[in-house]
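Single-structure report; data block below.
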Ligand SMILES: Cc1ncc(COP(=O)(O)O)c(C=O)c1O
C-alpha cells in the first residue's frame, strides 16, 4: 500500500494548524492551492530571526552579516528547488506583483510596429493580465491558446500559427490551479524557442506538487510563491540571463541595477526569506539522500505518489454520485491532486459552507482567478468547489469529504 511507506505522521506533526478542532473534527484543509498550511520549522525560524535582532543589509556588525547570509541562503535553496543558479533568482512580494513589474520592464523594449504575445485560456490571470496590459500599451496583438472545454486541456492545433516569428513572449502555466490539468508545456516551450520568443512560465500551482527545473525547461521567467509550499508570503521568480538583460526596471538611483537584485525594489522581507529556506528544508526532510537536491527529488516522488493516490480515490467516488459534476481532464491527462466539482442544484458557496460547518472540511469555491477558464467551461454561478490535496491530508479526511458530499444530496430540492 502506498500509504504504508508514506511518512504521514512525521509530516502532520510539522503542522501546528492541523491540531485545530471544529465540531469534534480535526480540521481537514483542502485549500492548499489557495495557500498551504505553514510548517512549524518555518514559523519558528521566522520568529527566531526576529527575536535574535534584525538588521538591514548595509552593516558589518554581526546581525547585518547574518541577514546577508540568510538572504544568500534563501537564494541558494530556491535555486536548488527550481533547478537553476542563485544568480537567476529574484524575490518580491508575490507572484502577481513580480509579473506586473517584469511585464512593464520588458515591454519598454517592445516596439509597436508589429508583433504579438501569446497567452492561454487555462492560466491564472496573474500570468495573463500583466502581459496583456503591457502588450496593449505597446499596441501588440494578443494571441490566445484556447481551452477545449470537452477535454479540459489546451488546444494546440493552431499553436504553430499563433506562436510565430513575430511572437515576443509566450506565457503559459505548468498546471491549472482550478482544475489541475498539467499542460503540455514542453511542446509549447519548444515552439516558442523555435521562433525565438521569450517564455514566461507560471509554476505557482506546480511547485507544491512536482519537481520543476528552470534550466531544463529553458524558460526565461518562472514564477512561484512560497505560501503555496508551506512557507510564508514571498514571491519568487527565476530569470534567464538574456531576459534580465532585456528588463528596463524602474529603480532608485542608489539601488543595484544588476541581476538578480535589480527586481528587488526596496527592502526585502528578510524574515519571509528565512521562512522560504526553511520551507524548502521541510520538503527535503520528507525525502532521502545526501544532497538537498537529492532529498527534494525523493520527497517530491513520495508526495506525488501519495497525493495522487488520495486524489484518485476522491475522484473515483465523486464520479459515482449523480448529483456531482466533476470538472477534470480524463485519465490520459496528468493532473495535480486538485479536484474541482459542482453539486447540482446547490451554489458552490453553500456547498463549502456545509462542508465546513458540518464536517470541519475547509474547501474554497470561486473562479480562483482562472476566470477565463471558468467562463469557457460555462459553469453555473461562475464558480467551482475545489478540493486541493496536500501532503498532510489523510485517507480519513478524503473519506469524510466523500461522505459529506454524499450527504449533501439530502439537502437538495429536486
Ligand atoms: C497558478 C497561480 N498563479 C499565480 C497565482 C498568484 O500568486 P500570488 O498570490 O503570489 O500573486 C496563483 C495564486 O493563487 C496561482 O494559483
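The values are calculated or read from the model by the stated rules, or taken from the named source; none is laboratory data. Because the structure is a prediction, the values reported are computed rather than measured. When we count neighbours, we look across all protein chains shown, and the Cβ atoms used for this are built from the backbone with ideal geometry, even at glycine.
Worth pointing out:
- Condition met for residue 160 (away from the ligand (no atom under 11 Å from the Cβ), at pLDDT 95 or above and under 19 Å from residue 296 (Cα atoms)): no
- From the list 35, 53, the lone residue that is under 22 Å from residue 268 (Cβ atoms), touching a residue at least 12 places away in the same chain (Cβ under 8 Å) and part of a loop (DSSP other than H, G, I, E, B) is 35.
- Candidates 131, 110: the one that is assigned by TED's automatic domain parsing to the domain that holds residue 97, touching a residue at least 12 places away in the same chain (Cβ under 8 Å), crowded, with 17+ Cβ neighbours inside 10 Å and over 21 Å from the mean Cα position of the chain (by Cα) is 110.
- Segment 99-127 - residue that is out of contact with any helix residue (DSSP H, G or I) (no Cβ under 7 Å at 6 or more places or on another chain) and assigned to a strand (DSSP E or B) and, of those, nearest to the ligand (Cβ to nearest atom): 120
- Screening the candidates 356, 404, 370, 383 for the property of being within 16 Å of the ligand (Cβ to nearest atom), in contact with a strand residue (DSSP E or B) (Cβ under 7 Å, 6 or more places away or on another chain) and either in contact (Cβ under 8 Å) with a residue 24 or more places away in the chain or under 25 Å from residue 151 (Cα atoms) (or both) yields one hit, 383.
- Selection from segment 168-212 of residues that are away from the ligand (no atom under 16 Å from the Cβ), closer than 18 Å to residue 240 by Cβ and out of contact with any helix residue (DSSP H, G or I) (no Cβ under 7 Å at 6 or more places or on another chain): 168, 186, 190, 192, 193, 194, 195, 196, 197
- Pair list, Cβ < 8 Å and 6+ apart or interchain, from segment 223-236 residues that are under 12 Å from residue 81 (Cβ atoms) to residues that are part of a loop (DSSP other than H, G, I, E, B) and near the ligand (Cβ under 9 Å from one of its atoms): 224/203; 224/204; 224/206; 226/233; 226/234
- Filtered residues of segment 145-167 (kept if in contact (Cβ under 8 Å) with a residue 40 or more places away in the chain and either part of a strand (DSSP E or B) or in contact with a helix residue (DSSP H, G or I) (Cβ under 6 Å, 6 or more places away or on another chain) (or both)): 145, 147, 149, 153, 163, 167
- Complete set of residues in segment 87-98 that are crowded, with 17+ Cβ neighbours inside 10 Å and more than 15 Å from the ligand (Cβ to nearest atom): 88, 89
- Conditions (1) touching a strand residue (DSSP E or B) at 6+ places or on another chain (Cβ under 7 Å); (2) touching a residue at least 60 places away in the same chain (Cβ under 8 Å); (3) surrounded by fewer than 21 Cβ atoms within 10 Å (Cβ to Cβ); (4) over 24 Å from residue 153 (Cβ atoms); number of the one not met by residue 397: (3)
- If you go through segment 216-239 and keep only what is touching a helix residue (DSSP H, G or I) at 6+ places or on another chain (Cβ under 7 Å) and away from the ligand (no atom under 13 Å from the Cβ), you end up with 217, 218, 219, 220, 230, 238, 239.
- Restricted to segment 57-69, and to residues there that are surrounded by fewer than 16 Cβ atoms within 10 Å (Cβ to Cβ) and in contact with a helix residue (DSSP H, G or I) (Cβ under 7 Å, 6 or more places away or on another chain), the residue that is nearest to residue 278 (Cα to Cα) is 57.
- Assessment of segment 324-336 against the conditions (surrounded by 15 or more Cβ atoms within 10 Å (Cβ to Cβ), at pLDDT 95 or above and farther than 24 Å from residue 34 by Cβ) yields no matching residue.
- In segment 19-32, of all residues being buried (at least 20 other Cβ atoms within 10 Å of the Cβ) and outside any loop (DSSP other than H, G, I, E, B), the one that is farthest from the ligand (Cβ to nearest atom) corresponds to 28.
- Residue match in segment 2-12 (condition: in contact with a helix residue (DSSP H, G or I) (Cβ under 6 Å, 6 or more places away or on another chain), modelled with pLDDT under 95 and under 18 Å from residue 287 (Cβ atoms)): yes
- Taken over segment 170-196, residues that are in a loop (DSSP other than H, G, I, E, B) and closer than 17 Å to residue 341 by Cα amount to 5.
- Apart from one condition, residue 142 fits all of (1) more than 16 Å from the ligand (Cβ to nearest atom); (2) within 26 Å of the chain's Cα centre (by Cα); (3) without any contact (Cβ under 8 Å) to a residue 40 or more places away in the chain; (4) surrounded by 14 or more Cβ atoms within 10 Å (Cβ to Cβ); the exception is (4).
- Flag if residue 235 is at pLDDT 95 or above, more than 19 Å from residue 332 (Cβ to Cβ) and under 19 Å from the mean Cα position of the chain (by Cα): yes
- Taken together, the residues in segment 340-357 that are closer than 18 Å to residue 368 by Cα and assigned to a loop (DSSP other than H, G, I, E, B) amount to 1.
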